[in-house]
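Report on the following structure.
The values are calculated or read from the model by the stated rules, or taken from the named source; none is laboratory data. As the structure is a prediction and not an experimental result, all values here were calculated from the model. FYI the Cβ positions are ideal-geometry reconstructions off the backbone, even for glycines, and counts take in every protein chain you see.
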């Protein structure tokens, strides 16, 4: 079994505490990639109340591009960056994964999030830890299962992302229906 680091290049995010903020209006402005952004990217939606932190800096920073695979060291979740989060700065809480040509990005996200063997390896690494946070080293050492053909990977990755989006849409509809029902019940209470 090959390790993840043998199949994927891992690039850590910019250390947030080392960034020097610039008050020069000409300095580049960056939005910080957040856990909400990662969750939104996973289901193909945008949270209405997401208020990203931002910084102006002339420091060299690591940014994300549409199609990048990103892994959160705090939640242990992977996602694929969408166009809406293009050029967002990612901090040391995230790792960008650049897979080899014969690994489909969406399939890699599926593997990291859903494969029982990988999930078990990640959970074992957390045991005995005071702060529940994954490490870059732990990610590099993950033993990867045998990969199916690239065509099969693409199919699995597509179905996985479509299923996540469908689930999120159904949840949004159910939440909207609940709000409407509660509003009607409230109105019915005061109709007398």
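Rundown of residues vs (1) at pLDDT below 95; (2) surrounded by 21 or more Cβ atoms within 10 Å (Cβ to Cβ), yes/no style:
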| site | (1), (2) |
| --- | --- |
| 76 | yes, no |
| 84 | yes, no |
| 90 | no, yes |
| 95 | no, yes |
| 99 | yes, no |
| 105 | no, no |
| 108 | no, yes |
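Listed here are the residues, each with its yes/no results for (1) under 15 Å from residue 153 (Cβ atoms); (2) touching a residue at least 60 places away in the same chain (Cβ under 8 Å); (3) outside any loop (DSSP other than H, G, I, E, B); (4) over 19 Å from the mean Cα position of the chain (by Cα).
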| residue | (1), (2), (3), (4) |
| --- | --- |
| 84 | no, no, yes, no |
| 87 | no, no, no, no |
| 97 | yes, yes, yes, no |
| 102 | yes, no, no, yes |
| 107 | yes, no, yes, no |
| 110 | yes, no, yes, no |
| 125 | no, no, yes, yes |
| 133 | no, yes, no, no |
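Look through the range 53-68, keep the residues that are touching a residue at least 24 places away in the same chain (Cβ under 8 Å) and within 15 Å of the chain's Cα centre (by Cα), and return whichever of them is surrounded by the fewest Cβ atoms within 10 Å (Cβ to Cβ).
Looking at the filtered set, the residue picked out is 67.
Could you run through the range 166-184 and say how many residues are surrounded by 12 or more Cβ atoms within 10 Å (Cβ to Cβ) and modelled with pLDDT of 90 or more?
1
Every residue in the range 23-60 that is assigned to a loop (DSSP other than H, G, I, E, B) and either closer than 17 Å to residue 79 by Cβ or modelled with pLDDT under 90 (or both), please. Show your work before the answer.
Residues of the range 23-60 assigned to a loop (DSSP other than H, G, I, E, B): 23-28, 33-34, 44-53, 57-60.
The answer is 33, 34, 44, 45, 46, 47, 48, 49, 50, 51, 52.
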